[in-house]
1. I need the helices of the chain that pass two filters: whole DSSP H segments spanning 18 Å or more by Cα along the axis, and mean Kyte-Doolittle score no lower than 1.6.
2. Calculate the length of the line joining the C-alpha centroid of the range 184-259 to that of the range 148-177, in whole Å.
3. Going by average Cβ neighbours within 10 Å, how do the peptides 97-109, 76-88, 192-204 rank, with the highest at the top?
4. Determine, for each peptide in 278-286, 212-220, 66-74, the mean count of other beta carbons within 10 angstrom over its residues, then list the peptides with the highest first.
5. Hey, can you rank 290-299, 121-130 by average C-beta count inside 10 Å, highest first?
6. From the Cα gyration tensor of the range 221-269, with a ≥ b ≥ c the square roots of its eigenvalues, which class applies: rounded if a/c is under 1.5, or else prolate if a/b is larger than b/c, or else oblate?
7. What lysines could a cross-link reach from Lys297, if we take a straight Cα to Cα line under 29 Å and drop same-chain neighbours fewer than 8 places away?
8. Could you check what % of the DSSP bridge pairs in the chain are antiparallel, to the nearest 5?
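No lab work stands behind these numbers, since they all come straight from the coordinates. Given the structure is predicted, the values throughout are model-derived calculations rather than measurements. For neighbour counting, all protein chains shown are included, and Cβ atoms are generated from backbone atoms with ideal geometry for every residue, glycine included.
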Amino acid sequence: MDKITLIIPVFNEQESLKPFYTELNRVTEEMNEQEFEILFVDDGSTDISLEMIKEMASSDRRIRYISFSRNFGKEAAMYAGFVHSTGDYVAVMDADLQDPPSLLPEMYKGIVEEGYDSVATRRVTRKGEPKVRSFFARRFYKLINRISDAKMVDGARDYRLMSRKMVDAILAMSEVNRFSKGIYGWIGFNTKWLAYENVNRVAGKSKWSFRKLVKYSIEGIVDFSTLPLKISSFMGIALCILGALAIIFLVIRKLVFGDPVQGWASLTCIVLFVGGVQLFCIGIMGQYLARTYLETKKRPVYLVRESNIEEKE
Ligand code: UDP
Ligand code: MG
């Protein structure tokens, strides 16, 4: 009998957990050929989510949970889920029903019958999302796919069912700053994409603000591309060439026309411009250096406060 692990990151989802669990049960009953492990990862919720999970766990032997010492973010929650998953197949699923559990049978079929390593989901519409956000999201995917080896699919959700092989590959990526869209793209494997219409969350609010998304996308770029560094070197070279040309021009003008060099305004502009470019480039370098700094500290990705899983050796 195949075992499927469902990883459910939970951060303040007290309103969504009940409807989610009901729907999940409906689907798992339908898939009675498979065994399920339901792994809730409580990412430092401050509402009663954890109590609700514990209550569910007391009457459902399939449920296991891990509770973090604070909010570490969804990336950390997913990673903890992968680390503790024991299933032959593993899926990450949001607790707000935006990742419809009803797609599971089809996803499972894609792996078992059609031979894919993973079946992922992609929303084809961004309905219900602010226009500005959709616009910048599209630009981000265009850009990142041009500058990175890791192919990232526009509209891809974290919701996907994966084979054990693929989960092990994800765990082998040892970075502490985890950007899973990039990790999925980087490790490769055969992925089948299921498209579906965007569903609004069943209750509660999205945890993403526009600011957080901007920060997240910069992380994605810095984590999976070194192009910004190259751009800064090119800017340096371009400015050197420009400077050399300017010198030649001034010398010739002086020799031929005897014009004294004049105008401090233009000089100020140049100094400001070049200074700005320099600081900008140092800033880019700083971003990478900061990443390196954080990586070398090897801090744990998450800390567990309590759980009903016996720690693996
Ligand atoms: N989540 C989490 N930690 C966080 C933020 C979110 O574990 O810091 C969980 C959240 O409970 C939900 C999933 O990640 O199950 C997706 O979050 P959300 O619905 O806010 O994201 P969106 O669907 O808007 O991208
Ligand atoms: Mg959501």
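1. Those that pass (Cα extent of 18 Å or more, hydropathy at least 1.6) are 227-257.
2. One Cα centre to the other: 23 Å.
3. On the way: 97-109: 18.2, 76-88: 20.7, 192-204: 14.7.
Descending mean neighbour count gives 76-88, 97-109, 192-204.
4. Answer by packing, highest mean first, reads 66-74, 212-220, 278-286.
5. Working: 290-299: 11.1, 121-130: 14.0.
The peptides rank, most packed first, as 121-130, 290-299.
6. oblate
7. Lys74, Lys151, Lys165, Lys181, Lys207, Lys212, Lys215, Lys230, Lys312
8. 30
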